Every structure is written in C-alpha cells, then in structure tokens.
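Chemist: This is the structure, below, for whatever I ask next.
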There are 4 protein chains.
Amino acid sequence: MNFAIIGGDMRQVCLAELVASDGHSVSAFLFEEAGSVKGAELKALPCGDAAAGCFGGFDCYILPLPVTAQGGLLNAPLSHREVTLEVLLRAIPGGSYVCGGRIDDEYMALCGELGLRAYDYFKREELAVANAAITAEGAIQIAMEETGIAISKASVLVVGFGRIGKLLSHRLHALGADVTVSARKLSDMAWIEAYGYKPANTLALEGILPGFDIIFNTVPARVLGEERLRLVNPSCLCIELASKPGGMDFNAASMLGLKSIWALSLPGRVAPIAAGRIIRDTIYNILREEGFKA
Amino acid sequence: MNFAIIGGDMRQVCLAELVASDGHSVSAFLFEEAGSVKGAELKALPCGDAAAGCFGGFDCYILPLPVTAQGGLLNAPLSHREVTLEVLLRAIPGGSYVCGGRIDDEYMALCGELGLRAYDYFKREELAVANAAITAEGAIQIAMEETGIAISKASVLVVGFGRIGKLLSHRLHALGADVTVSARKLSDMAWIEAYGYKPANTLALEGILPGFDIIFNTVPARVLGEERLRLVNPSCLCIELASKPGGMDFNAASMLGLKSIWALSLPGRVAPIAAGRIIRDTIYNILREEGFKA
Amino acid sequence: MNFAIIGGDMRQVCLAELVASDGHSVSAFLFEEAGSVKGAELKALPCGDAAAGCFGGFDCYILPLPVTAQGGLLNAPLSHREVTLEVLLRAIPGGSYVCGGRIDDEYMALCGELGLRAYDYFKREELAVANAAITAEGAIQIAMEETGIAISKASVLVVGFGRIGKLLSHRLHALGADVTVSARKLSDMAWIEAYGYKPANTLALEGILPGFDIIFNTVPARVLGEERLRLVNPSCLCIELASKPGGMDFNAASMLGLKSIWALSLPGRVAPIAAGRIIRDTIYNILREEGFKA
Amino acid sequence: MNFAIIGGDMRQVCLAELVASDGHSVSAFLFEEAGSVKGAELKALPCGDAAAGCFGGFDCYILPLPVTAQGGLLNAPLSHREVTLEVLLRAIPGGSYVCGGRIDDEYMALCGELGLRAYDYFKREELAVANAAITAEGAIQIAMEETGIAISKASVLVVGFGRIGKLLSHRLHALGADVTVSARKLSDMAWIEAYGYKPANTLALEGILPGFDIIFNTVPARVLGEERLRLVNPSCLCIELASKPGGMDFNAASMLGLKSIWALSLPGRVAPIAAGRIIRDTIYNILREEGFKA
C-alpha cells in the first residue's frame, strides 16, 4: 500500500519507519526537524493552500495524535511549516482513507462533507489498552527516577482500577512492591484481590494514606484533595496519571511540601517507538476491517 | 446477628463455621451428615411442613448454592431429610432476610408474595470473580494431576478471556507455562498482550492447535468441534471449564483418543473452605448494603 | 547412537521413548509391565546370569534411578524378572558407557574393576536443579489436593532455602500465596527478601508458627519437633519434602492431630514425563562431555 | 547506642537519619554540604590532625563506602574538609568499633596495630545481595530511560548469572520482557530454565546476538568484544554492569555506533535511601554478632 504520513512527533516518525519496514511505500510530510525517516521519502506538501483535492495518490493518509495543535493547526512539532487541519483535509481527494488521533466532531463532520473515509484511531479500544501498558511502565520509570528508594520494597497505592490502574498495579506487584489498589465497586475489589493486590475503597482512604511511599492516581476526579493530602507521609511521592482535571490538588500538595508530578502523555515521551508501533497496529486493524490486506 | 444456615454441601458447613467464628449466633439445619459444625448449633427444622411462618427467630436465613436439587427439593446433600424449597420459604416469617444461590424466577416471585427480602448471592459480581479465582486454581490442580509433564514448562492454550480465562492465564503464566490465550475482540487481544501472554484469535485457532500440551476451554459455545480436535496433539490434555453446553465435543474427543475432562463446579469440590468464605463475604456485603453491620 | 535402557519406573519408560524420538536406536529391557515403549524395542536380557560380557552391542547402557532395589537387585518395578546389579554389570562388556542414578560406592568400584565407564547422573547438579523444579510443583499439587483453601490466599512457610526451597517459594509466591521462607544464613535472608518473600530465621520460628495455613519443610534435620508443632495452627497442613531423616516429628504431628504428609520422590510420581526428560538431558550432557554428539 | 558517622555520600546521610530514627544517638561529621541530617547532630571533627585517640566518646564509628578517595583521603564528597583515613583512624581510641566499606588491607592492618575493632561491611554477603537487588532495579531504570521501546515487550539478554544477573533477570521477566540469560555452567542453565528464562551459553552467543533489543552484561571479563558486538542489532542498547575491566569493548561499540552505557555504582546513585538502609542493616548485623542489641 501507499501511505502518506503527515505531521506529529517522534511517534509518527517511528510509525513511518515501521510501516516502511513492513514493505509499504511511505511518503512523510512535515518532518523536516526529524533529520531522517528510515525507509520513507521526506516530501513537502504538494500544493498550495487552496487547491481542493490536490493532494492525491495515496491509499491512506495518516494524521498525528492529536491531529490538531492550537488554533486549528495540524499538530506538526517537527516542522516549521504551519497548515490548518481544514486546509489539509480539503486537499485530500474525496473517497480517500484518513486516519487520525483525537479528531474533533467538527472535523469529523468536515470529513463527511468532503467524502473522506475518516477514522479516529485514538477511539479504538485496542490502542487504549496498549497505550495504558506503556503509560504504566512510564509511571514506574518516573517513580524510579524521583525517589531514592527501591520500587521492589516500596509500599504503593494505586487509586483507580481502570486500564492504567490494572496494568500499573500488575507491573508494580511484579517488581516486588507492596501494592494496594483502591476502587469503588465491590467487583473491582474482588478483581484486585484475585490478582494478589490489597484492595481498598477509594471513598475511604483516610485510614491508610499515611502508610505509602508512592501514590499513583489514575482517577480523573478530585480523589486527593487537601484534606487527604494532609494525611500523606511527607516523604511520599505523588504521581498523577489522570488526564485534564486530574485527581490531585497540586496547589495543596505543593503547599504541604509533597513532591508531586503530573505525568501526562507518557507513551509519546517515554517510549515513542512502542507508541508508534501501537498506532501502526491499530491502523492496520482499521484497514483490515475495511478489506485491505495490511 | 442471628443466622439460620439451611442445607447445602461442605461450602455451607465452612460458611456456617466462619460466620460463627465472626461472633454471630449460628443455627445450622440439615447438616446431620457433616458430623459437626464448629461454633454452630446443629438443629432440626422447627415445625411441620404446612405451618406458615413457623420458622422464625433469625435475622437472616442462608440457603445453599444452588438452592434447589431435583424436583423442587431444597439442595441438602448432607441430610437425609427432604424438604421442598417452597415449604421452607413458606415457613419463614414475612419480612425476613433470605439469601440463596441461583434462585429461579418462580421462587423469587414466591418470596415476593410471601414478603421475604430475598437476595441471590450467586448473581453478585464480586462472588463470580472470587469463584473464578478458585476455579482457575482448581483447573491447574487438575492439569497437574492428569499430566505427567510439569506446568512450568508446558505449552498451554486458554480459550476465552472472560473471568476464568483472565485468572487462569494469570496463574499459568505465573507458574512458568508458555501461555497462549484466544479471544475474539481486538481489545481483548490487546489485554492479553499487555499481561504478557500470547494472543490468538478464537475464530482462527487451526494453525496453532497442534502445538499445545494442555488446552483449557472457558467458552460456552462449540469452539472445539471434531474438525479442530483432529488437529490437537494426541497427547494433549483437554480441560473443559465452561458450563452446560460447553465448548468441546466430548464424543469426538473420546473417539480421537484425546484425554478430556469436564471440570464442573470446581470451587465447592477443590476448595470448600475458600468457597464458603466467598459466600460469607458476599452475604456480608448484601447485609451491609441493607444497613446491617456485618 | 545405540542405547540399552534397562529397568526402572515410568520415568525410564518416558526416557526410552524420548531417546527413541530423538532418532536414536533404543532397546528396552525389564519393562514387560509397561505394555509398550513407543519407538523402542522391548527385549529380554540376552544371556544367562553368569556369562561375563555377554550383553554387548550398545553404545550406552542406561540404568534406573535408583539403580538398586532391596538386596542388591536391579530396581525394575515394571518387570517380574529379578536380576542383581552385579550380575548385570558383569554382563556388560568392558569399555562400555554405563549411566545410572544413585550408584553406591561399592558398585562404582565394581564398574572400575570391570573397566566400565560409569557415570552417576543423580550426582549431576543440573539434574538436581531440574528435579527440584518438579518437586516444587508436585508439592504445590499436594497442597492443593489436601487443603480446602486456595493457595492464592494462603499464608505459607517454607523452611529452608536450598534448591527446593528456592523454587518452591518462587512458585508459591507466583500463585499469590503470602510466602515466608526461613533460613539460617543472613545472606540467604537477603536473597529471600530480594525475591520478595518474607524472611525468617529457622532457629527462631516460634513466634510466627501459629500464623500459617501450610508449612513445607525442606531441611533434613529436626527443625519441626514436638515443641514447635504444638505452636502450629491445628488446621495447618504440614508437608515434608526433605529426604530420609526428615525435619518433622511425624509422631508428634499425628498425636497433635496435625495433618502431615511425607512427600517423597515427587518427580517420578507427579511428573514422570518431565522426570524422564531431565534424565535424558543429563545423560546427553554426560555423553557430550565424553565427545559424543547426543 | 552512640554512633559517629563520618564522611560519604547521600547514602551515608540517609544511613545517619535511619540510625537516628531507630532511637540511637547520632553525630554526623563531614556533611556540611548535605544541608541537614535529620535527627543527627552535625559536628566538626573534634581535634587536630596529630592527636592520637582524641576522637572518643562513641560506641561505633561508621566510615563511608568506599572509605578512601584518591591519595589516601577519607571519602567525603559532602565536605570541603580533607582528612586522610590514617589520621582519622589514629584519632579513634583503641578498642573502638569501626565499620567501613572496602577497607584496603593496609588500613585493616593499621586498625589492627591501633587496637581498633574494624569491620568491612562491603565484604558481607547480605550487603552484596541487597545491593545487587538495587543495582538490578537501577539497570532497568536506565534501560527505560535510554530506549524508546517498552521493557514489557523487549527481547533482552543478561550475560552472567551471578547476584546481579539473577535479580536482574527476575525483574525483567516480571515486567514482561522476553529474557534470555547466558551462563557457562550447566547447573546455572538449569537454574535459568527453572526460573522460566531462556538459557544460553556465554561461550556460544554468536547465533543469538542479533535478536536482542537490550543487552546487560554482568561478567567482568571480555565477553562482548568487537567480533561479537558486530553481530548485535544496531539499535540494541548495551548496558555494562560489571566492575572495573568490564565485559564490553566500549571502543568497538562506539565505533560500531552502538549505544552503550557503563552503569557503575548504581545503588548510591539511583536509590541512596535504599542503599543507606542496607548499610544500616548490615552494620546492625555486625554489631549483633558482637553482642550488641542494635
């Protein structure tokens, strides 16, 4: 197949190299800063901003994760060139396959209007799970870097038993940590026990908070507010893994002198090759479901 | 609290002993064959068959799992006495708490008519998960008993990644087996990989079937029919863990000379104490949700 | 190569089948009760008791583990025929390679006199380690069979951190048990901690003995005498894995009503195929060191 | 007890704080740069260079690991003051207990002359094992930091099965890596297999070298010379964990464009608190053997 890979960070560079090494033809756009993309041809976008459908000739157009940066621009940190997502989409011929990560509803609608077959690979559950695995490992890396203790003897709390909570507690336990995991549902507590961790109730953490060396939060709701943070051991490291609102009160943590870290977007940062591979696999899954042999 | 525990197998005996050791008052009925029930008083059912509401004086009535044996009889293998579930329910005063396992709709309706507060603990997710953990361990015990190889070197296939599939693959992998798990959803395959097992597609097992020493099926649909069983290594052990219809064709397996075992109801058989503890915990959860301090 | 495999239990039958399946020529002697030995020819011993050097024609003669039964007889439980080891050895031509398990000094000396190149595969460290792995798994099988609890929740003590202690604690911990291991040397305790188990001092077990559901002893010296057994939880299962004198006082255990099991010779009993494979691998190692291509 | 803790890096600061938190009286010397040492009194060395026995009043004098820096100076990176080890030792009254790490023979002899009861805690096996555990974790941290892949999917080789090799392969395997361990002895290979890793022969790595994402060397002899490094995958990360001569040819690695890292003295660098705890525990063991209650 003939792929155009346009914009994004090192993950997309790795993705482009992987797709090329699978034997596909790969043209890479907006990667001037990356130096080189092995196996792929680095190209300039082929036409001026206004020419509809001018960017043809590819079986599949892969856009970055997330597709947009500020101001409707295509997310292209490895290029000096600025292109809006809208202009780019309009340049792609109708009927083309377009895969991007975190595509807003308005752009999805635009793709519909333009007759593009658009897929948001970030919505795929298999990508979410595989990304959670990398995030879990990245969180452990941060914990290793930011503490003077060994994980293998540490007493740790993981708040939340969703994707990241499940895989993070699995790896912490494997390394020898004493792992407590909190959840709200009794059935989650049964799973926590069945996997060999100590279960706790997220709604009633007060009694156990003082006992931890490291606390990882994965719940995107205020579960660690000031009152609870006051109970935490002053030498405890707090790592926030939940997105946007987050679950920790960072102001309170800082006021209390707690070391706290907001570890966002770990896959791209700590393991771009692995992250690129996951996007590649997910796009192949999408294409296979569309009848391609990827 | 004041518990009546009526009928059931060794799990219920263990349950009665555990509830008693927690400091509750326990009266045990229909356990003559058990010899003794530590901490509990072994009693005879208090009144004749027809007296409605005659069996009073308890905060909670615990019935067995499953509640009924053949012919509408209460499931009471450790007693010679035969009582129908209907007669028993009618003897319990209205307003009482009644907990049983696998209560049919008709009996649930009867409980409603009689004003009994009835709960089916077998429907609780936390019990299902905890039972799956014991089932997984029991399946490994059977595999150890029925093969001359070591699990720690064996190449095993687990078909299905539901509750039992998840916990069984976890424990087999922990013991050192080379574990392949098959599922149908891509997201399940991502989980399988994230936990470190080899993923396979349940719909396309043909290519890998010859390579296993032990196959565990957890899917209650015909996934291992004659054609597939023909591909299995003749010295492979097949263990069926799915309920009723099951997923293996046992006739075909026997015709092909494959050693195959239908391992049903493992919790009560291989770990009655653990199984009793799980029922106890679940009933306490139910009672706590009803406002009791159990 | 051309192997004669003479006597022994199901392990040696498996061994003979494995050696045959590796493409060697295998003649099997004294296995009438085994029914068949796949790939090997079942033969009768070729000559009368007194003919020195009459049993020729093989590159390597494999004797059982242990080589001798009572009264100097070759250990051959799958045959009705009785042959003494001495007679057998005298029948093998001088210069032949002979491999047996647990060969007494006197027979080793006899082999020397007869000019046989004799090797005791039981003395090989790689066999001892691999056997310990099977013993560990067998001990877990017994614990599963003999208790009504789940290993994954059990509180267990392993006394001793030799080969079996190391591999048993590894597998118990992997299954989710709460594992305490006792040793005498501080460095062993450091290893125990480094692998994630709880360390204890074998000389000072008194304080912790009441807390266990299962105790495994691997130390062949009286570490669990009557006084200590009195401290054990009455429902605790005691499994003895040490050879001959053993470390538990079985009389005291029985008097105290403790359930105790002497689990001897596990490899041959619980996993003859795996045990046969280990002997095969070890014999190949010996032959390779002698310049053969096995 | 009354401890003097003199010189060393952050490990010794942590050690001083831990000993103080155990309820002992702690005076800390040569730590001006550390800011503070919680629970301990920061003091200046009590007397001029030449006064023999002038530095009295303590039950135990703890020197750093290693005791000496260049030129016979006491290793005291957190102080501007320079003192030679000899001067320090002469200032300590005869009969005192002195514990240091890596004490050269000549200084040991001097301690003898001066009547000091000197112990090298670095020679203690329990310290070596516990340090190996931290080193293993530190090596994993470095691998996470220096690669864009996930350890949990990586194909890794650990060369050598000594202390670090054992604990490193244990943790890599736990994290989900595909772990091959090489050794020279057949018995070590049996251990490697029994723990679930893939065994390889250190003397015959050629065939498998191209397949790894990360190679850890723990053998202090040239096992990875230029010829072998040529076989390594160009994107492979090489981490050297062996001391002084090391086992990798770093010049060749650099010439070949391989990313290679010499990860020395990991305990003090990646986990000073854990490292301090280990020294504390080891010194307590020494003192306990001398009849103290530490």
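Chemist: Going through A:96, A:182 one at a time, which residue ends up being within 22 Å of residue B:126 (Cβ to Cβ), more than 9 Å from every other protein chain (Cβ to nearest Cβ) and of a type in the set (Ser, Thr, Tyr)?
Modeler: Checking each option against the conditions leaves just A:182.
Chemist: Since residue D:224 meets every condition but one in (1) in contact with a helix residue (DSSP H, G or I) (Cβ under 7 Å, 6 or more places away or on another chain); (2) modelled with pLDDT of 95 or more, which condition does it not meet?
Modeler: (1)
Chemist: In segment C:153-167, which residues are more than 8 Å from chain B (Cβ to nearest Cβ) and either of a type in the set (A, V, I, L, M, F, W, C) or without any contact (Cβ under 8 Å) to a residue 40 or more places away in the chain (or both)?
Modeler: Answer for segment C:153-167, where residues must be more than 8 Å from chain B (Cβ to nearest Cβ) and either of a type in the set (A, V, I, L, M, F, W, C) or without any contact (Cβ under 8 Å) to a residue 40 or more places away in the chain (or both): C:154, C:156, C:157, C:158, C:159, C:161, C:163, C:164, C:166, C:167.
Chemist: For the subset of segment A:120-152 comprising residues that are open to solvent by 30 Å² or more (accessible area, probe 1.4 Å) and within 14 Å of chain B (Cβ to nearest Cβ), which member is nearest to the chain's Cα centre (by Cα)?
Modeler: A:122
Chemist: Next question. Looking only at segment C:219-240, which residues are in contact with a Phe, Trp or Tyr (Cβ under 7 Å, 6 or more places away or on another chain) and either outside the structural domain of residue C:179 (by TED's automatic domain parsing) or in contact (Cβ under 8 Å) with a residue 60 or more places away in the chain (or both)?
Modeler: C:239
Chemist: I've got another one for you. Could you list all residues from segment D:120-159 that are closer than 30 Å to residue D:95 by Cβ and either modelled with pLDDT under 95 or part of a strand (DSSP E or B) (or both)?
Modeler: Once the filter is applied, which keeps residues that are closer than 30 Å to residue D:95 by Cβ and either modelled with pLDDT under 95 or part of a strand (DSSP E or B) (or both), segment D:120-159 yields only D:120.
Chemist: Which residues, taken from segment A:226-239, are within 25 Å of the chain's Cα centre (by Cα) and over 16 Å from residue A:169 (Cβ atoms)?
Modeler: A:237, A:238
Chemist: Here's a follow-up. Looking only at helices (runs of 4 or more DSSP H) that fall completely inside segment B:160-235, which ones have 1 or more residues that are of a type outside the set (D, E, K, R) and open to solvent by 50 Å² or more (accessible area, probe 1.4 Å)?
Modeler: B:163-175, B:186-194
Chemist: Given B:254, B:260, B:243, which one is of a type outside the set (Val, Ile, Thr), more than 14 Å from chain C (Cβ to nearest Cβ) and in a helix (DSSP H, G or I)?
Modeler: Going through B:254, B:260, B:243 in turn, just one is of a type outside the set (Val, Ile, Thr), more than 14 Å from chain C (Cβ to nearest Cβ) and in a helix (DSSP H, G or I): B:254.
Chemist: Of D:212, D:216, D:292, which residue is more than 27 Å from residue A:151 (Cβ to Cβ) and either of a type in the set (Phe, Trp, Tyr) or not assigned by TED's automatic domain parsing to the domain that holds residue D:143 (or both)?
Modeler: None of the other options fit; the residue is D:292.
Chemist: For residues in segment D:241-263 being within 16 Å of residue D:158 (Cα to Cα) and touching a residue at least 24 places away in the same chain (Cβ under 8 Å), which is farthest from the chain's Cα centre (by Cα)?
Modeler: D:248
The values are calculated or read from the model by the stated rules, or taken from the named source; none is laboratory data. Given the structure is predicted, the values throughout are model-derived calculations rather than measurements. Every residue, glycine among them, receives a Cβ derived from its backbone with ideal geometry; neighbour counts consider all protein chains shown. Calculation scope for accessible area: heavy atoms of the full protein, side chains included, ligands and nucleic acids excluded. Shrake-Rupley method; radii C 1.70, N 1.55, O 1.52, S 1.80 Å.
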